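Down below is the structure, laid out as structure tokens.
The values are calculated or read from the model by the stated rules, or taken from the named source; none is laboratory data. Being a predicted model, the structure only gives us computed values, none of them experimental. Counting neighbours? That spans all protein chains shown, and the Cβs are built from the backbone with ideal geometry, glycine included.
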Amino acid sequence: MRNLITDVPGLKVGHAEDLRLGSGTTVVVFDAPALASIDVRGGGPGTRESDLLEPGQTVEAIDAITFSGGSAFGLDAASGVQAWLREQGRGFSVRTARVPIVPEAVLFDLLNGGDKNWGRFPPYRDFGYGAAASAAIDFALGSVGAGTGATTVNCKGGIGSASAMSVDGCTVGAIAAVNAVGSVIVDNGPWFWAAPFELNREFGARGLPDPFPQNIKPRIKGGAAENTTLVVVATDAILTKAQAKRVAIMAQSGLSRAIYPAHSPLDGDVVFAASTCRRPLADPVIGLTLLGNSAADVVARAIARGVFAATALPVPGAMPSWKDQFAR
């Protein structure tokens, strides 16, 4: 176990970014079409191909999921992923045509100090292609890919990932791009809200403050549409599309365990749930409940790891990272 979403057999992750720009793209590529659904809780989401993920829609399986910076400009990234997948002969078959299915969600990083003067066309299509082409089982965390320019209210954000085995033996993993309106740390830090779910010192083993501070006031950054936490939860459990939707709903609890506040009108919080459908659940109700609970736990851990691993952008006035503030 690498403690990454790629511990789920049948998928890979790739990144592409530009530190001067202060932005990038992350792609989860499935070895074969994967069943997927979605749950949107934030008040300002930016998505592509999200409607087809609802139970009852015709297309059951997808080829990849894309996260990108760039706000609405970043929606171009999925076109680059599609281009790479088409070269591999991948896609939904319509007679002689093949159309790669690539849902996407974006986060806002346009005001982080990077040089956004990219000319006529934004670079996200190329980022998407490069991220898909570089996808592998091992991948970096922190200020890479879609997490390159991500921030929270008081720490640099980034890409995090975690994995676990559910009680009935299914593998579940998560990857998160953390650009939250709120805080991932308690009060003034260094403690993570997700500390009760930490495993093997994966984000510093700082625990929670003792005594725990009372009447902590929420802090928020930015304005409407400037913040988002994007998550993919993956599993090898055999699910229906409706069951995947339930896993996505339950996994949203992981955002609430790791971010204070979450799901605000200022966020575009989105959770995708995908299954490579290799291992049956022991029970369709109890097994799904246990799987969804594990999904929420790994999401909380992935969010904390994203902030723990992040580094500040090399630009004047950049948001400091958790390590800048607390590693000593």
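Any chance you could count how many residues in the stretch 132-177 are farther than 26 Å from PRO320 by Cα and in a helix (DSSP H, G or I)? Working first, answer last.
Step one: filter the stretch 132-177 for residues farther than 26 Å from PRO320 by Cα, giving 132-138, 163-173.
Add one more test, that the residue is in a helix (DSSP H, G or I), and what stays is 132-133.
Selection size over the stretch 132-177: 2.
Here is a list of conditions, (1) surrounded by fewer than 16 Cβ atoms within 10 Å (Cβ to Cβ); (2) at pLDDT below 95, and GLU87 meets all of them except one; can you say which number that is?
(2)
Under the condition of being buried (at least 17 other Cβ atoms within 10 Å of the Cβ) and within 17 Å of the chain's Cα centre (by Cα), which residue from the stretch 132-144 is nearest to GLY14 (Cα to Cα)?
ALA135
Only residues that are under 21 Å from the mean Cα position of the chain (by Cα) and of a type in the set (Val, Ile, Thr): list them for the stretch 184-236, please.
Of everything in the stretch 184-236, those that are under 21 Å from the mean Cα position of the chain (by Cα) and of a type in the set (Val, Ile, Thr) turn out to be VAL184, ILE185, ILE220, THR228, THR229, VAL231, VAL232, VAL233, THR235.
Hey, could you check the stretch 145-170 for residues that are surrounded by fewer than 24 Cβ atoms within 10 Å (Cβ to Cβ) and β-branched (Val, Ile, Thr) and say which is farthest from PRO314 (Cα to Cα)?
VAL167
Could you tell me whether any residue of the stretch 105-125 is modelled with pLDDT of 95 or more, in a strand (DSSP E or B) and within 12 Å of ALA310 (Cβ to Cβ)?
Looking for residues that are modelled with pLDDT of 95 or more, in a strand (DSSP E or B) and within 12 Å of ALA310 (Cβ to Cβ), one finds none in the stretch 105-125, hence no.
Applying the selection to the stretch 226-239, what residues are more than 21 Å from LEU35 (Cα to Cα) and assigned to a strand (DSSP E or B)?
Of the residues in the stretch 226-239, the ones more than 21 Å from LEU35 (Cα to Cα) are 226-229.
Result: ASN227, THR228, THR229.
Got a sec? Which of SER93, SER50 is in contact (Cβ under 8 Å) with a residue 40 or more places away in the chain and of a type outside the set (Val, Ile, Thr)? Give the steps one after another, and end with the answer.
Details: SER93 fails: in contact (Cβ under 8 Å) with a residue 40 or more places away in the chain.
It is SER50.
Among (1) part of a loop (DSSP other than H, G, I, E, B); (2) at pLDDT 95 or above, there is one condition ALA242 misses while meeting the rest; what is its number?
Only one criterion is unmet by ALA242, namely (1).
Across the stretch 21-46, what is the number of residues that are buried (at least 24 other Cβ atoms within 10 Å of the Cβ), over 14 Å from the mean Cα position of the chain (by Cα) and not in a strand (DSSP E or B)?
Number satisfying all stated conditions: 1.
List the number of the failed condition for TYR129; all other conditions in (1) of a type outside the set (A, V, I, L, M, F, W, C); (2) buried (at least 20 other Cβ atoms within 10 Å of the Cβ); (3) assigned to a loop (DSSP other than H, G, I, E, B) hold.
Unmet for TYR129, out of (1) of a type outside the set (A, V, I, L, M, F, W, C); (2) buried (at least 20 other Cβ atoms within 10 Å of the Cβ); (3) assigned to a loop (DSSP other than H, G, I, E, B): (3).
Being part of a loop (DSSP other than H, G, I, E, B) and not acidic (Asp, Glu) is the filter; apply it to the stretch 47-63 and report the residue that is surrounded by the most Cβ atoms within 10 Å (Cβ to Cβ).
My answer is SER50.
Identify, please: which residue in the stretch 64-81 is polar (S, T, N, Q) and assigned to a helix (DSSP H, G or I) and is, among those, nearest to ALA34 (Cα to Cα)? Break it down into steps so the answer makes sense when it comes.
Filtering the stretch 64-81 for residues polar (S, T, N, Q) gives 66, 68, 71, 79.
Okay, now just the ones that are also assigned to a helix (DSSP H, G or I), so 71, 79.
On the way: SER71: 26, SER79: 19 Å.
By that ranking, first place goes to SER79.
So, of the residues in the stretch 265-286 that are crowded, with 20+ Cβ neighbours inside 10 Å and either more than 16 Å from the chain's Cα centre (by Cα) or more than 30 Å from VAL153 (Cβ to Cβ) (or both), which turns out to be modelled with the lowest pLDDT? Walk me through it before giving the result.
Applying the first criterion (crowded, with 20+ Cβ neighbours inside 10 Å) to the stretch 265-286 yields 266-276, 281.
Retained after the next criterion (residues that are either more than 16 Å from the chain's Cα centre (by Cα) or more than 30 Å from VAL153 (Cβ to Cβ) (or both)): 266, 275-276, 281.
Values: LEU266: 76, SER275: 98, THR276: 97, LEU281: 93.
Ranking the qualifying residues of the stretch 265-286, first place goes to LEU266.
Here is a yes/no grid of residues against (1) assigned to a helix (DSSP H, G or I); (2) among the aliphatic types (A, V, I, L, M); (3) touching a Gly at 6+ places or on another chain (Cβ under 7 Å):
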| position | (1), (2), (3) |
| --- | --- |
| ILE249 | yes, yes, no |
| GLN252 | yes, no, no |
| ALA262 | no, yes, yes |
| VAL271 | no, yes, no |
| ILE303 | yes, yes, yes |
| MET319 | no, yes, no |
